[in-house]
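Presented below is the structure to which this report refers.
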Amino acid sequence: MNNYFYNMVDPDEMTTLEYIPTIPKFLEFIKKQYSDYPAISDKVTTYTYEELVSRVAKRVTFINSLGLEKGSNIAVLAKNDLDAMELFLAIPAAGHVLIMLPNALNDKALAGISMKFDLAGMFVGKEFTEVTANLPCKTWSSTSIGETESTFADVEKDTTAAIFFTGGTTGAPKGAVHSHGSIMRGSFNGVFGPGSILHKRYIAMLPLSHIFGAIMGYMAKLYTGSLTYTCTDMRAGIGDIPVVRPTTLVLVPGLVEIILNIAKLKGRAFLGDLELIMCGAAPVPPRQMEECRELGITLCAGYGLTECANLTSGNCDTDKKPESMGHIYPEQQVKVVDGELWIKGDNVMKEYYKDPEHTAEVLEDGWFKTGDLVEFDDNDWIYITGRIKNLIILPNGENVSPEEIEELFYKQPLVKDCLVQEMEMNGNTVIGVEIIPYMPELDGASEEEIQNRLQETVNEVNKELPSFKRVLKMKVRTEDFKRSGAMKILRNQV
């Protein structure tokens, strides 16, 4: 399985990279390896790798001056700016535990997080001073930095480095506790891609509070000596594409859709030098894969979980295997138990923070129970067939995976997005679907015509399903679903 990833990368470039188990050692590596190359930029200010590591060391000086006990939990509430990028590295490099906070949290939620996660303090961007004014923890400006450099903390592979929130699509968020080793394993796995991987250009479109954006969209880019541009506003970030001309973007399918639509209006030139999109956090519609190919862009799809520090599997051959989530990344053990994927490896979290009950539910002898139903073919390609918590239990006792049916709808040209769920019809529980129509294919159609054509789509999908899985009710949706920060549909809020 591992050879799939090593074989796709330029072998000469791959020999320059190795798994580094802690963030302090990683900082030493990128300073030595890429010293004069540009590392991060907001288009006005650009720091080389040597300058970035120097500034991180000065941030460590400031953090040390606070007199906190080693291993304290320190949060960051800021846009994806240069300060946030530096603090992301500096807090664990100082021997503390990083918690990147979603920007959308209100004052009540922030106060609750401060208590629940025992925050010693919070670094706050200027946009968030008002919402953090009355927190029960200390706050410091995200611009805070020392005048001199300090040495990095002496940490081990198993030392806790960060806590990332998870579980927002199905219930109350939990805190996935990650070690230096798991963060760095996820970061190393994030370097793999087709062809040359060194010294590329990126825009950090996804928030650093989301593990896919943090690990794949930032840390893995530092690993390869690439230049990462800030993105403090999504609209501005998209507008920056023809200006900074990124070679690669790390996106979720919702953002891919937006960028493809803009490219249709403005032409391929809008995308500049874009040659690769790494896409994860939600299923990728086959239509997006095809449209990317038509634009000369390789779209690599991946499957991952917050608890496993970035992507667990990846597929850079979506033209050949569009329905697969690819192969399992290196240095992981996997097994399938009653259809559920279990994973063991350096990348797996230590626990949910102060939540032994939920931890015991998902961790067993080092194995993480993903909750995802999977199948492997004879060549070790993985296929996600559903999620245990989302199973629809029909009155006849049959279990139906909504994701399996949604995958069939995503192949249909009239479907932009959809959600398969339980619905009531004539007093009975049936399988239903809400569809957001793909309007370019329905230009000028009346509401009745749209309804009829989408019903024809449902009929086509039903031809591929056994009788007990067939969709018996359909609703046309005119507005988007409620979504998480990673743009996943919030099933429990529909």
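The values are calculated or read from the model by the stated rules, or taken from the named source; none is laboratory data. Note that the coordinates shown come from a computational prediction; the quantities given were computed from them, not determined experimentally. Counting neighbours? That spans all protein chains shown, and the Cβs are built from the backbone with ideal geometry, glycine included.
Pull up the stretch 381-397, narrow it to residues that are touching a Phe, Trp or Tyr at 6+ places or on another chain (Cβ under 8 Å) and surrounded by fewer than 21 Cβ atoms within 10 Å (Cβ to Cβ), then point me to the one that is nearest to E456 (Cα to Cα). Top of the filtered list is L394. Of the residues making up the stretch 304-328, those that are of a type outside the set (A, V, I, L, M, F, W, C) and under 15 Å from P286 (Cβ atoms) are N315, D317, T318, D319, K320, K321, P322, E323, S324, G326. Scan the stretch 304-342 for residues that are of a type outside the set (A, V, I, L, M, F, W, C) and under 20 Å from G181 (Cα atoms) and the total you get is 11.
Look at N80 and say whether it is closer than 16 Å to F128 by Cβ, touching a strand residue (DSSP E or B) at 6+ places or on another chain (Cβ under 8 Å), modelled with pLDDT of 95 or more and not aliphatic (A, V, I, L, M). So N80 fits the description; yes. Scanning the stretch 67-90 for residues that are out of contact with any helix residue (DSSP H, G or I) (no Cβ under 8 Å at 6 or more places or on another chain) and without any contact (Cβ under 8 Å) to a residue 60 or more places away in the chain turns up G67, L68, E69, S72. Would you be able to tell me the number of residues in the stretch 143-174 that are in contact with a Phe, Trp or Tyr (Cβ under 7 Å, 6 or more places away or on another chain) and modelled with pLDDT of 95 or more? Count: 4.
Those strands (runs of 3 or more DSSP E) of the stretch 118-220 in which at least 3 residues are at negative phi and in the same structural domain as C316 (by TED's automatic domain parsing), considering only elements entirely within it, cover 201-203.
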